[in-house]
Amino acid sequence: MDQTTRPEADFTIRAAEAAEHAALGEITARAYLDDGLLDFGEDDPYLKPLRDVAARADGGEVLVAVGADGELLGGVTYAAGGSVWADVAEDGEAEFRMLAVASAGRGRGVGAALVRACVERARATECLRVRLSTRQSMVAAHRIYERLGFVRTPERDWSPYPELPPLLTYSLEI
């Protein structure tokens, strides 16, 4: 993906570099842990893929938001339907996962910019829609998704652990 900058913003969205993988993994893990989004806390098995940005970059695309000073502000994993990182996207669709914004990036439009970058990527590859899964408790993220035109698709809700509440799904037709 080409480097893009929002003119009103003080950050850039671009592909993650290998040297940034460890730092982005910690930003992602900390965002999920600090916001109470992992059912099993530090023992949650989801922490491993959250931290393993190299694996995500190997099977998908990882985008980052980088401040003007070079500070990593957040990141997201973009996956084509049918790829190893796609949970809900099918062929002809795309999905984004593991959207996380560092505390230094919150309130600056970083999360929305990362989502828009995924939508732009999907358009460029002629996908029909972009899908995502989210926890019920991620209310701030839901507001971003809805503001960007995503709609709930409850018929696609699913749970990686049957004993836990299902993940909610959203979709954007493009």
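The values are calculated or read from the model by the stated rules, or taken from the named source; none is laboratory data. Please read all numbers here as calculations on a predicted model, not as lab measurements. FYI the Cβ positions are ideal-geometry reconstructions off the backbone, even for glycines, and counts take in every protein chain you see. These accessible areas exclude ligands, DNA and RNA; they are computed on the full protein's heavy atoms, side chains included. Shrake-Rupley method; radii C 1.70, N 1.55, O 1.52, S 1.80 Å.
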Discussion item. If PRO154 satisfies all but one of (1) over 26 Å from THR12 (Cβ atoms); (2) at pLDDT below 95, what's the number of the condition it fails?
Written reply: (2)
Worksheet item: Just to be sure, is GLY105 touching a residue at least 60 places away in the same chain (Cβ under 8 Å) and surrounded by 19 or more Cβ atoms within 10 Å (Cβ to Cβ)?
Response: yes
Worksheet item: If we scan region 94-107, do we find a residue that is assigned to a strand (DSSP E or B), modelled with pLDDT under 95 and more than 23 Å from TYR161 (Cα to Cα)?
Response: no
Worksheet, complete the sentence: Here the residues within region 121-165 that are open to solvent by 20 Å² or more (accessible area, probe 1.4 Å), part of a helix (DSSP H, G or I), closer than 21 Å to GLY82 by Cα and touching a residue at least 24 places away in the same chain (Cβ under 8 Å) are ARG121, ARG123, ARG156
Discussion item. Being in contact with a Gly (Cβ under 6 Å, 6 or more places away or on another chain) and closer than 22 Å to LEU33 by Cα is the requirement here; does ALA100 meet it?
Written reply: yes
Fill in: Long-range neighbours under 7 Å by Cβ, at least six apart or interchain, first residue within 20 Å of ARG116 (Cβ to Cβ) within region 54-75, second among the polar types (S, T, N, Q) and crowded, with 19+ Cβ neighbours inside 10 Å
ARG56/THR77; GLY60/THR77; VAL62/THR77; GLY75/THR28
Practice prompt. Select from region 60-76 the residues that are open to solvent by less than 70 Å² (accessible area, probe 1.4 Å) and hydrophobic (A, V, I, L, M, F, W, C) and list them in ascending order.
Written response: VAL62, LEU63, VAL64, ALA65, VAL66, LEU72, LEU73, VAL76
Fill in: Where LEU148 falls short, out of the listed (1) more than 17 Å from the chain's Cα centre (by Cα); (2) farther than 21 Å from ARG56 by Cβ; (3) not β-branched (Val, Ile, Thr)
(1)
Worksheet entry | Residues located in region 16-59, provided they are surrounded by fewer than 22 Cβ atoms within 10 Å (Cβ to Cβ) and closer than 17 Å to GLU95 by Cβ | TYR46, PRO49, ALA55, ALA57, ASP58, GLY59
